[in-house]
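Peer 1: Following this message is one structure expressed as structure tokens.
Please treat every number below as a calculation from the coordinates, not as lab data. Predicted model only: the values in this text are computed from it and were never measured. A quick note on method: Cβ atoms are made from the backbone with ideal geometry, for glycine too, and the neighbour counts reach across all protein chains shown.
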Amino acid sequence: MRRRRFSIGRMLQYVAIVLFMIFLAFPLLFLFTTAFKSQRELQSPDPQLLPAQWNLDNFTAAIDRANLIQAAGNSLIVALVTTLIVVAVSLPAAYALARSRTRLRKLATGWILLSQVFPFILIIVPLYLMLQPLGLGNSLGGLVVVYVVWSLPFALWMLQGYVASIPVDLEEAGAMDGAPKWRVLVSIVLPLLAPGLVATSLFAFIGSWNEFFFALVLIKDEALQTLPQRLALFVGAEGQVQLGQLAAASLLAAIPSLLFFALIQRRLTSGLLSGAVKG
Amino acid sequence: MSAVDVVVAERRLTRRSRFGPERGAWLLFLPAMLPILVFSVWPLLQGIALGFTNATAARNATVEFTGVENYVELAGYELFWNSFGIGLIWAFSVTIIQFFASLSLALLLNANLWGQGIARTLALIPWAMPPVIIAIMWRLMLHPTYGAVNGGLGAVGLPDSINWLGQASTALPAAIVVGVWAGMPQTTITLLAGLQGVNAELHEAAQIDGAGTWQRFFSVTLPALKPVIIAITTLDFINNFNSFALVYVLTAGAWGTMLPMLFAYNEAFRYGNFGLASAMGNVIVIVIAIFLFFYLRSQARGREA
């Protein structure tokens, strides 16, 4: 490790990093404090960053007016069901992908990359036309279908990376001891895969929780709207004047994602995803 | 070799083949492949095909194959090309600014400074937020009367009533800043991971040979980082060109921010021109592919030289 020296260069580095941090973190701080300000304080001619009085009126009003509970319920159902299906389906596939060196691997990797390039508009129009006759057009079920196929490629990619990091020798050792294959998988592979499964399901969950475009196209019924959809509507309606409520609603909706990132940030900075990008 | 040894060796061989590449792999793969084929690959093929038809949202209308008619129409569709140009300005600006900002930040985070842990965590904040909420947050920040940006400008005596998202001269630049903000964490973390993979010995050797900081950066760090740089800028460019939610909530495409995806969305779901919207999708794919082809080829050539 090099010794920390103090020089003009170092000083400039500190200045630069502080500026970056302000740029990246200040908007969230501003959202946070705005959410706790009363309407009167927001409109005061001499604005302060911190609210004079921390009040929760905006939160209760936003939950009420934007009907956030209902929208959060819809988002929760869609995200949970999507996550369950994605994990159930991608677990065996990821195992097969990681353990086989066949064409399958190339095909899957090819699709994962290709699916990134194509604009959503090319997929959403035919999907929209397909889901209508199935009765899934304007339903949470249809949204789950779309989210499952939308998150599968990345989940598969992530999970197969975790499988690949488990040495095949361990499985062979288990097999040598005469355990049937399913036992090897359940008692050796699965426990080692647990952190990977948690990470993958969190990614699938957050991806669905945050998604906006597909929900906007598919869901027309107000009672079925997801949280991002409801918030986007709130921006154009009451959010124009009720800035405090808009901030409060946004803050509440961002909590799951913020918590999730707080949980996994260590893994992220230690390069969890760099493998995925380089892969 | 005793008979027992042979049996054991034989068993090991058969066991090994059970865990190696096998036909059963397809069976395990099927539950994942089926939904992808039915709800992703098939619609995509249909979407490409729709771009050559006159499909509309109207019920019971017959869909006819119209060949290149859509593309002839698009060629003279000035609004679409305007939007396309805006998309290119947006995607290039966001990707390039994001890259330089993220590279600087990654270098700083890798420079053994105090408070690095906190800085790394803070740098992830934008990543943790859904695009719709990022857009709402920045609408508050950029609000002409109550926003923090104008507030900050006013505090230092600069003009403080700029309607950032409400006029043609500032809406796109403001949206670009928001785009850079939203995408910085991924780019920074990826570059940081790349930096940490740069061979430290090579660095020390260069230092012993008397290479200065900049010289080491350009002759050791940058070449080692190049594959990561190419990968992340390519991904960023594609993502930015296909971006939707952020600008939809920021400006809804007003004041010269009508990105191609917003335009195509309106064409399909506001005006019901499914065929034409799909044709736009096809044009966008081809243009992205052309840009990527030249970018990746020039980079590959640079590597050979």
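Peer 1: Given segment B:82-304, report the % of alpha carbon pairs whose separation exceeds 30 Å.
Peer 2: Numbers: 8900 of 24753 pairs.
The answer is 36 percent, as a whole percent.
Peer 1: Same structure, new question: Out of the trypsin sites (Lys or Arg not before Pro) in segment A:150-242, which ones are loop residues according to DSSP with at most 16 other C-beta atoms within 10 Å? Show your work: numbers first, answer last.
Peer 2: Details: sites: A:Lys181, A:Arg183, A:Lys220, A:Arg230; in loops: A:Lys220.
Passing sites in segment A:150-242 are A:Lys220.
Peer 1: List the residues of segment A:9-46 whose backbone N lies under 16 Å from a point placed 7 Å from the Cα of B:Ser104 along the Cα-to-Cβ direction.
Peer 2: Counting only backbone N, you get A:9-25.
Peer 1: Another one. Net charge near A:Gln53: determine it from the other residues with C-beta under 9 Å of the C-beta of A:Gln53, scoring Lys and Arg +1 and Asp and Glu -1. Mind dumping the intermediate values first?
Peer 2: Values: positive: A:Lys37; negative: A:Glu41.
Net charge around A:Gln53: 0.
Peer 1: Then there's this: What net charge do the residues around B:Tyr248 carry, taking every other residue with its C-beta under 15 Å from that of B:Tyr248, with Lys and Arg at +1 and Asp and Glu at -1? Display every interim value, and only then the final one.
Peer 2: Values: positive: A:Arg230, B:Arg139, B:Arg270; negative: A:Glu211, B:Glu267.
Residues near B:Tyr248 contribute +1 overall.
Peer 1: Within segment A:73-115, report the trypsin sites (Lys or Arg not before Pro) that DSSP leaves as loop and that have at most 12 other Cβ atoms within 10 Å. Let's see the in-between values first.
Peer 2: Values: sites: A:Arg99, A:Arg101, A:Arg103, A:Arg105, A:Lys106; in loops: A:Arg101.
Filter output for segment A:73-115: A:Arg101.
Peer 1: Here's something else I'd like to know. Give, in nm to one decimal, the length gained when the segment between A:Val168 and A:Ala88 is fully stretched (0.36 nm per residue of separation minus the Cα-Cα distance).
Peer 2: On the way: separation 80, 0.36 × 80 = 28.80 nm, distance 2.19 nm.
Answer, rounded to one decimal: 26.6 nm.
Peer 1: Could you work out how far helix A:8-35 tilts from the main Cα principal axis of chain A, as a 0 to 90 degree angle to the nearest 10?
Peer 2: Tilt relative to chain A: about 70 degrees.
Peer 1: Would you work out which of B:Ala200, B:Pro185, B:Pro173 lies farthest towards the positive end of the dipole of segment B:82-304, given +1 charges on the beta-carbon of Lys and Arg and -1 on that of Asp and Glu, about the Cα centre?
Peer 2: Final value for the positive-end residue is B:Pro173.
Peer 1: If you don't mind, there's one more thing I want to ask. Summing -39500 (n - 2.57) over the DSSP H runs of n ≥ 4 in chain A and dividing by its residue number, what mean residue ellipticity at 222 nm do you reach, to the nearest 500 deg cm²/dmol?
Peer 2: Calculated from helices alone, the mean residue ellipticity at 222 nm is -24500 deg cm²/dmol.
Peer 1: Restricting everything to alpha-carbon atoms, can you work out Rg to Rh for segment A:1-157 with a Kirkwood hydrodynamic radius?
Peer 2: Details: Rg = 24.5 Å, Rh = 21.3 Å.
Ratio of gyration radius to Kirkwood radius: 1.15.
Peer 1: Same structure, new question: When N is the residue count of the protein assembly as shown, what does its C-alpha Rg come to as a fraction of 2.2 N^0.38 Å? Write down the numbers at each step before the final one.
Peer 2: Values: Rg = 26.0 Å, N = 584, 2.2 N^0.38 = 24.8 Å.
Here the answer is 1.05, to two decimals.
Peer 1: Using +1 at the C-beta of Lys and Arg and -1 at the C-beta of Asp and Glu, which of A:Thr109, A:Ile219, A:Gly174 has the Cα lying farthest in the positive direction of the dipole of segment A:66-236?
Peer 2: Farthest towards the positive pole: A:Thr109.
Peer 1: May I ask for the longest run of chain B untouched by chymotrypsin sites (Phe, Trp or Tyr not before Pro) that are loop-located per DSSP and have at most 13 neighbouring C-beta atoms (other than their own) within 10 Å? Walk me through the intermediate numbers first.
Peer 2: Working: sites that count: B:Trp114, B:Tyr271.
Excluding the exposed sites themselves, the longest stretch runs over B:115-270.
Peer 1: Using just the helices of chain B, give the 222 nm mean residue ellipticity in deg cm²/dmol: DSSP H runs with n ≥ 4 each add -39,500 (n - 2.57), and the total is spread over all residues, rounded to 500. Could you put the intermediate results ahead of the total?
Peer 2: Details: 15 runs with 209 residues, N = 305.
Per the formula, -22000 deg cm²/dmol.
Peer 1: Run down the aspartates and glutamates and flag those whose C-alpha is under 19 Å from the C-alpha of B:Lys226, throwing out any fewer than 8 positions away in its chain.
Peer 2: Qualifying aspartates and glutamates at Cα under 19 Å: B:Glu201, B:Asp236, B:Glu304.
Peer 1: Same structure again: Please work out how much length the chain gains when fully extended from B:Tyr295 to B:Trp81, using 0.36 nm per residue of separation minus the C-alpha to C-alpha distance, in nm with one decimal. Mind showing how you got there, number by number?
Peer 2: Details: separation 214, 0.36 × 214 = 77.04 nm, distance 2.23 nm.
Stretched fully, the B:Tyr295-B:Trp81 segment lengthens by 74.8 nm.
Peer 1: If you don't mind, there's one more thing I want to ask. Relative contact order for chain B: what is it in percent, counting Cα pairs under 8 Å that are at least 6 residues apart? Intermediate results must be reported in sequence, preceding the final value.
Peer 2: Numbers: 295 pairs, mean separation 84.9, N = 305.
It rounds to 28 percent for chain B.
Peer 1: Another one. At most 12 other Cβ atoms within 10 Å plus a DSSP loop assignment makes a site exposed; report the longest stretch of chain A without any exposed chymotrypsin sites (Phe, Trp or Tyr not before Pro).
Peer 2: Details: sites that count: A:Phe6, A:Trp54.
Looking at chain A, A:55-279 is the longest stretch - no exposed chymotrypsin sites (Phe, Trp or Tyr not before Pro) with at most 12 other Cβ atoms within 10 Å.
Peer 1: Taking 0.36 nm per intervening residue step and subtracting the Cα-Cα distance, what contour gain separates B:Gln215 from B:Ile230 on full extension? List each step's numbers first, then the result.
Peer 2: Working: separation 15, 0.36 × 15 = 5.40 nm, distance 2.12 nm.
The B:Gln215-B:Ile230 span can extend by a further 3.3 nm.
Peer 1: Oh, and also: Give me the percent relative contact order of chain A, please, defined on Cα pairs under 8 angstrom at least 6 residues apart.
Peer 2: On the way: 238 pairs, mean separation 85.5, N = 279.
Taking the mean separation of contacting Cα pairs over the length of chain A, I get 31 percent.
Peer 1: Please give the FRET efficiency for B:Val72 paired with B:Leu34, using the beta carbon to beta carbon distance and R0 = 60 Å, rounded to the nearest 0.05.
Peer 2: On the way: r = 38 Å, r/R0 = 0.64.
The computed FRET efficiency comes out at 0.95.
Peer 1: Give me the base-10 log of I(q)/I(0) for chain A at each q in 0.09 Å⁻¹, Debye formula, one uniform scatterer per Cα, rounded to two decimals.
Peer 2: Here log10 of I(q) over I(0) equals -0.61.
Peer 1: Right, here's the next one. Determine the sum of side-chain charges near A:Thr226: Lys and Arg each +1, Asp and Glu each -1, restricted to other residues whose C-beta is under 15 angstrom from that of A:Thr226.
Peer 2: In short, -1.
Peer 1: A follow-up question, please. If we count trypsin sites (Lys or Arg not before Pro) as exposed when they sit in a DSSP loop and have at most 14 other beta carbons within 10 Å, what is the longest stretch of chain B that avoids them all?
Peer 2: In short, B:60-305.
Peer 1: Let me spell out the model: positive unit charges on the Cβ of Lys and Arg, negative unit charges on the Cβ of Asp and Glu, origin at the Cα centre of the protein assembly as shown. What dipole size does that give, in debye rounded to 20? Spell out each step's value before the answer.
Peer 2: Working: 35 positive and 26 negative charges, 330 e Å.
Around 1580 debye, computed over the protein assembly as shown.
Peer 1: Charges only on Cβ, +1 for Lys and Arg, -1 for Asp and Glu: so what's the dipole of segment A:66-236 about the Cα centre, in debye to the nearest 20? Mind showing how you got there, number by number?
Peer 2: Working: 9 positive and 7 negative charges, 75 e Å.
That gives segment A:66-236 a dipole magnitude of about 360 debye.
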